[in-house]
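Working notes, beginning with the structure itself.
The values are calculated or read from the model by the stated rules, or taken from the named source; none is laboratory data. Predicted model only: the values in this text are computed from it and were never measured. Every residue, glycine as well, gets a Cβ built from its backbone with ideal geometry; the counts of neighbours run over all protein chains shown.
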Amino acid sequence: MTAYHIAVLAGDGIGPEVIRPCIEVIDAAVRCTGMAPPRYDHLDAGAALHARTGESLPELTFGRAAAADAILLGAMGLPDIRYEDGREIAPQLDLRERLQLFAGVRPIKVLRGLPLPLADPRASGIDAVIVRESTEGLFAARGKTVIDGRDAAHDTMTITRTGCERLFRFSFELARRRRAAGRPGLVTCVDKANVLGAFAFFRGIFDDVAREYPDIEADHCYVDAMALNLVKRPWALDVLVTENMFGDILSDLGAALMGGMGLAPSADIGAEHAVFQPCHGSAPDIAGEGTANPTATFLSAAMMFEWLGDRHKDARATATGRLISTAVEQAFAGGDLVPVELGGSAGTEAITARVLGHIPGATNSRLARGHGADGR
């Protein structure tokens, strides 16, 4: 039985506060499915580390993370700790670039029982995925800005055929798997091909790859129109594939459709490595208050185990991922568990306790370790 090696980078702010209960949920789920307990390697990285040592992602940490089967990340960056050029400390971007995690997967799926920002009853059926190219695009200029004195600054967007082809094939394969599970099987290329030649190039490669997948429907949408469609008819969308900066912006809009960043999971996936983390930041303004929502971290862990299951043909890992996501869905389904950021009173412990309550055997184990059933 495989004991997976999980590198854990809790990071800054509320990162450790959402990682701790996530480990608890993972451990309960693997006990239930009969998996071997993961081997956790807790590693230090982030803005606070940079402030102490001058390094945000030490080479030793990077090497150990790269050697792991998967990487689970809490949150990194603090607004008051920056590089000399004014940029925030962001080791998560270094991981994406150095490990070539080209596919940023951002699910947009609502949890029944939570208050939603869209009043339309069809909003309860929102189930889409943004696939964000995560190694090039406008972000390729990170750290390479050209400053012309006090008069101009230049950041260059990079779009390559290699980067596009692997991104689009990933997206069509994802749509194929989703169609087998009842989704439409539609991939939409989101670009600005009517204005910029780089995006016309992007779209042309998309069309080339689309011909390799005649069983999957393909279409196009300009990014501004997609912003409108995400609000006007998000339930009609399936897989959206786009450039790095556009994906960064649209994924926050997608998180809003779910209720907020505390509910939005993500994965950054490459050919050999993957990082799983909540979409939210380190939120230092609420650190230590016990109000951080761990849901996005739980769902990111579910994505991690499903990825491990698919990668290693491990049915128990797949079952563990699905058990975690199902427990989260059941925890909120009754409508009485409302996170603080949505106007409710449920903080980190209350949400964790409710999710654990939907994993067979987890509640008794938690009580045996001295945690109250209400999470306090």
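When Glu341, Glu329 are screened for being acidic (Asp, Glu), part of a helix (DSSP H, G or I) and touching a Lys or Arg at 6+ places or on another chain (Cβ under 8 Å), only Glu329 passes.
Yes or no: the range 295-303 includes at least one residue that is in a strand (DSSP E or B), surrounded by 24 or more Cβ atoms within 10 Å (Cβ to Cβ) and outside the structural domain of Glu173 (by TED's automatic domain parsing). The answer is no; no qualifying residue exists.
Test Ala218 against the stated conditions and say whether it is small (Gly, Ala, Ser), crowded, with 16+ Cβ neighbours inside 10 Å and modelled with pLDDT of 95 or more. Taking the combined requirement at face value, the residue satisfies it.
If you go through the range 211-234 and keep only what is under 14 Å from Cys189 (Cβ atoms) and among the basic types (Lys, Arg), you end up with just Arg211. From the list Ala68, Ala48, the one residue that fits, being crowded, with 16+ Cβ neighbours inside 10 Å and farther than 24 Å from Ala292 by Cα, is Ala68. Going through (1) within 25 Å of Thr326 (Cβ to Cβ); (2) not in a helix (DSSP H, G or I) one by one, Asp27 falls short only on (2). Would you mind stating whether Leu99 is within 25 Å of Ala256 (Cα to Cα), in contact with a helix residue (DSSP H, G or I) (Cβ under 7 Å, 6 or more places away or on another chain) and crowded, with 18+ Cβ neighbours inside 10 Å? Here the answer is no, as Leu99 does not meet what is asked. Among the residues of the range 174-195, those identified as in contact (Cβ under 8 Å) with a residue 24 or more places away in the chain and within 20 Å of Ala267 (Cβ to Cβ) are Leu174, Ala175, Arg176, Arg178, Arg179, Arg183, Val187, Thr188, Val190.
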